């Protein structure tokens, strides 16, 4: 059995910043499904707010195993890879968690308020985490 691991200061900083993450879940046939997501942090857990009808919610209801990759917006060579499992599903009909996460990314409450009864927060327990900063500078060539 793999146990939870505390988030290192570097991983926590990356998650606390308004960086996009990609959440990978498993489809019924075992194939991976990945989606860009906003994330929040609560203690050593990662929070992802979504609708119950989303693939990520459906997939994690059946199989709680997930992975996340996070890349810093200011330096795409600063990144983290996390593996874990959804250990709790919290209703968020009042958008309390979603609004907190939204303020981090867009500076205001989440603007899409449809189907509040379907809102859920996936609470992810991190079991493995790897943080890396590669010695590159992001300087793609100019297009002609």
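The values are calculated or read from the model by the stated rules, or taken from the named source; none is laboratory data. Just so we're clear, the structure is a prediction, and the values are computed from it rather than from any experiment. Neighbour counts run over all protein chains shown; Cβ positions are idealised from the backbone, glycine included.
Count of segment 57-66 residues, restricted to those that are surrounded by fewer than 18 Cβ atoms within 10 Å (Cβ to Cβ) and touching a residue at least 12 places away in the same chain (Cβ under 8 Å), is 4.
Whenever a residue of segment 126-144 is closer than 16 Å to residue 7 by Cα, its partners that are at pLDDT below 90 and loosely packed, with under 10 Cβ neighbours inside 10 Å, lying with C-beta atoms within less than 8 angstrom and at least six residues away or across chains, give the pairs 127/3. Within segment 92-109, being surrounded by 13 or more Cβ atoms within 10 Å (Cβ to Cβ) and in contact (Cβ under 8 Å) with a residue 24 or more places away in the chain holds for 92, 95, 97, 98, 100, 101, 102, 104, 105.
Regarding residue 90, is this residue within 21 Å of residue 9 (Cβ to Cβ) and modelled with pLDDT of 90 or more? Criteria not met by residue 90. For segment 8-40, the set of residues classified as surrounded by 19 or more Cβ atoms within 10 Å (Cβ to Cβ) and without any contact (Cβ under 8 Å) to a residue 60 or more places away in the chain consists of 19, 21, 23, 25, 37, listed by residue number. Residues of segment 99-109 that are more than 12 Å from residue 41 (Cα to Cα) and within 14 Å of the chain's Cα centre (by Cα): 102, 105. Would segment 120-130 turn up any residue that is over 22 Å from residue 43 (Cα atoms) and touching a strand residue (DSSP E or B) at 6+ places or on another chain (Cβ under 9 Å)? For segment 120-130, residues over 22 Å from residue 43 (Cα atoms) and touching a strand residue (DSSP E or B) at 6+ places or on another chain (Cβ under 9 Å): absent.
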